[in-house]
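K.L.:
Got a structure for you, questions after.
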């Protein structure tokens, strides 16, 4: 039986090694955690890109928002992952 498009997407998503950009974020309270990305994207990011994405995500969390928009370069990498 063939998988639906949404099922294929979920299967692909679960196969990726997702984690926090900063290693210690998993132990922090949810409001203080940074960006959560696939390993393939985390490996290609520079230290300054990681810091920028974490600042952006933490600022959104502080403002009471669950989501924060990706930067253009990170958005491209996540879509390709």
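K.L.:
So how tilted is helix 5-15 from the main axis of the chain? Cα-based, degrees 0 to 90, rounded to 10.
P.N.:
Its long axis makes an angle of about 60 degrees.
K.L.:
Please state the relative contact order of the chain as a whole percent: Cα pairs under 8 Å, 6+ residues apart? Mind dumping the intermediate values first?
P.N.:
On the way: 68 pairs, mean separation 20.5, N = 81.
The value is 25 percent.
K.L.:
Pairing the Cα long axis of helix 47-62 with the longest principal axis of the chain, what angle in degrees results, from 0 to 90 and rounded to the nearest 10?
P.N.:
80
K.L.:
Ok, one more. Mean residue ellipticity at 222 nm from the helices of the chain, using -39,500 (n - 2.57) per DSSP H segment of n ≥ 4 over the full residue count, to the nearest 500 deg cm²/dmol?
P.N.:
Dividing the helical sum by the residues of the chain leaves -15500 deg cm²/dmol.
K.L.:
What is the packing order of peptides 47-55, 13-21, taking the mean over residues of other C-beta atoms within 10 Å and listing the highest first?
P.N.:
Packing proxy ranking, top to bottom: 47-55, 13-21.
K.L.:
Something else now. Just to compare against my own numbers: the Cα pair-distance distribution for the chain, 10 Å bins, whole % per bin, please.
P.N.:
17, 45, 29, 8, 1
Values quoted throughout were computed directly from the atomic coordinates according to the rules given, and no laboratory measurement underlies them. Model, not experiment: these values are computed from the prediction. So basically every Cβ, Gly included, is an ideal-geometry build from the backbone, and we count neighbours across all protein chains shown.
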